[in-house]
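Enquirer: I have a structure here, written as structure tokens, and I will follow up with some questions on it.
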Amino acid sequence: MNTNIIPFNKPYLCGTEPAYIAQAIELGWVSGDGPFSKKCHTLLEQILGVPRALLTTSCTHALEMAALLLDIQPGDEVIVPAFTFVSTVNAFVLRGARPVFIDIRADTLNLDESQLERLITPRTKAIVPVHYAGVGCEMDSILNIAARHHIPVVEDNAHGLFGKYQGRLLGTFGAMATQSFHETKNIICGEGGALLINDPQYIERAEIIREKGTNRSRFFRGQVDKYTWTDIGSSYLPSDILAAFLYAQLETREQIQAKRRQIWHGYNQQLQGWAAAHDVRLPVVPPHCEQPYHMFYLLMGSLDQRQALIRHLKEQGIVSVFHYLPLHLSDMGRRFGGKEGDCPVTEDISDRLLRLPFYNDLTEEIQAQVVAAIQQFQTEPARLVTAATITAPQSERE
């Protein structure tokens, strides 16, 4: 076996992170909402044009804040795609909600908006589209349906920072949106996230919930002479050391995105012929969507072929991974009534999708090795391999 491992992911340093972290320490405020946190808030608000951006310790926690802001109660229903990370669902289940799983489109792998309206009931309190791979969901249709039924939309935009739908930035459509800065994302700080608030009615309460249920933010702005406990909440603030790291990354966002664009198109161009010859599908990006180049995946012809390719690449020292398992078929999903056949596209896609190594430092030479290894693979006959031989997917939110 090749001992020179090409990883699936590799955290990227733009170069100024150590200096900013040192500066944060020198300033003497390394807990939450220090100078670098404020810089990140301001920069995100300016870039995205949102009324308020608040850093959180993870995208998971941003989703939990959204559930609190929507006052989700036991018995409420929240519509979520079956093909997503568990945090999308957990945030609402923690408040007692019942997840209603919706299937995905076969092209973009996003929530299938054509199935949305029939799943809405008087108990539906939120719709949570996930912009898979940073390709925008059909937000016009989703927002029209949500507006007719007076249901707020929360965008899970963990993959989609700087992506666009119909020329408009993802994360700016719903009442709220959540971001991830986990080390597998384009812009990182190891662990971290953000809540984007597009509906101003949620801003003040979001600050309170994020500050352990206190009006501490108003105190620091001089709006009250002391702060006190006013609502439920928790500690969702990341350290200013993490914010310093993140600010360095946000400053170099254009260079990061340019590099990822080059990597994505490198895979797409070099694998077209092989994919066509072996009945393998490459990612679909509709013309009205601008993706942020978060990942590159292959849709193999079958589960056996997907597993065989993972094993083949592993033998060449290349780490590739599958992605989400259908949430409605998980142990928890079945407790909420999920069963086989409920979301057939999700069940099919989950078995066949394979993600290729994709990180900011991926050189043309390394990418050429990955492409060459793929092109050596013959899809027929597929080799059946056991689950023990497959690399597990890397965590994305926690």
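Enquirer: Helix 17-27 versus the longest principal axis of the chain: what angle, 0 to 90°, nearest 10, using Cα atoms?
Expert: Helix 17-27 sits roughly 20 degrees off the main axis of the chain.
Enquirer: How do the peptides 123-133, 365-375 rank, highest first, by the average count of neighbouring beta carbon atoms within 10 Å per residue?
Expert: 123-133, 365-375
Enquirer: Alpha carbon centre of the range 144-202 versus the range 330-352: separation in Å?
Expert: The range 144-202 and the range 330-352 have Cα centres separated by 25 Å.
Enquirer: Could you check how many percent of all C-alpha pairs in the range 253-389 are farther apart than 23 Å?
Expert: Percent of Cα pairs beyond 23 Å in the range 253-389: 40.
Enquirer: Would you mind ranking E364, E117 so that the residue whose beta carbon has the fewest other beta carbons within 10 Å leads the list?
Expert: E364, E117
Enquirer: I would also like to ask the following. Any idea how far the Cα center of the range 204-224 sits from the one of the range 60-76, in Å?
Expert: 19
Enquirer: Looking at the range 238-340, which GluC sites (Glu not before Pro) are in a loop (DSSP not H, G, I, E or B) and have at most 14 other Cβ atoms within 10 Å?
Expert: E340
Enquirer: Which one, I188, A206, F245, projects farthest toward the positive side of the charge dipole computed for the range 17-251 from Cβ point charges (K/R +1, D/E -1)?
Expert: A206
Enquirer: Hey, got the dipole for the chain? About the Cα centre, +1 on K and R Cβ, -1 on D and E Cβ, debye to the nearest 20?
Expert: 320
Enquirer: If packing is taken as the mean number of other Cβ atoms within 10 Å per residue, what is the order of 157-169, 45-57, highest first?
Expert: 157-169, 45-57
Enquirer: Another question, if that's okay. Kirkwood Rh over Cα pairs of the chain into Stokes-Einstein at 25 °C, 0.890 mPa s: D in µm²/s?
Expert: Here the translational diffusion coefficient equals 112 µm²/s.
Enquirer: Calculate how many DSSP beta bridges within the chain are antiparallel, expressed in % of all such bridges and rounded to the nearest 5.
Expert: Percentage antiparallel, nearest 5: 60.
Enquirer: Can you give me the angle between helix 240-251 and the longest principal axis of the chain, using Cα atoms only, in degrees from 0 to 90, rounded to the nearest 10?
Expert: It works out to around 60 degrees.
Enquirer: Using only Cα atoms, find the angle between the long axis of helix 35-48 and the longest principal axis of the chain, and express it within 0 to 90 degrees, rounded to the nearest 10.
Expert: 70
Enquirer: Under the rule of at least 5 residues apart or a separate chain, name every residue whose amide H is placed under 5 Å from the amide H of T214.
Expert: The list, which skips near neighbours in sequence, is T230.
Enquirer: At q = 0.15, 0.16 Å⁻¹, work out log10 I(q)/I(0) for the range 17-251 with the Debye formula, treating every Cα as an identical point scatterer and leaving solvent out; two decimals please.
Expert: -0.98, -1.10
Enquirer: Which value in Å does the Kirkwood hydrodynamic radius of the range 135-242 take, with 1/r averaged over all unlike C-alpha pairs and then inverted?
Expert: Taking the inverse mean of 1/r over all distinct Cα pairs, the range 135-242 comes out at 15.6 Å.
Enquirer: Within the range 57-100, whose backbone N sits under 17 Å from a point 7 Å along Cα→Cβ of S114?
Expert: Counting only backbone N, you get no residues.
Enquirer: Moving on to the next point. Modelling each spin label as a point 7 Å along the Cα-to-Cβ direction, I'd like the D225/L94 distance in nm, to one decimal.
Expert: About 3.6 nm, to one decimal.
Only the coordinates and a few stated rules stand behind these numbers; no lab work does. Just so we're clear, the structure is a prediction, and the values are computed from it rather than from any experiment. Every residue, glycine among them, receives a Cβ derived from its backbone with ideal geometry; neighbour counts consider all protein chains shown.
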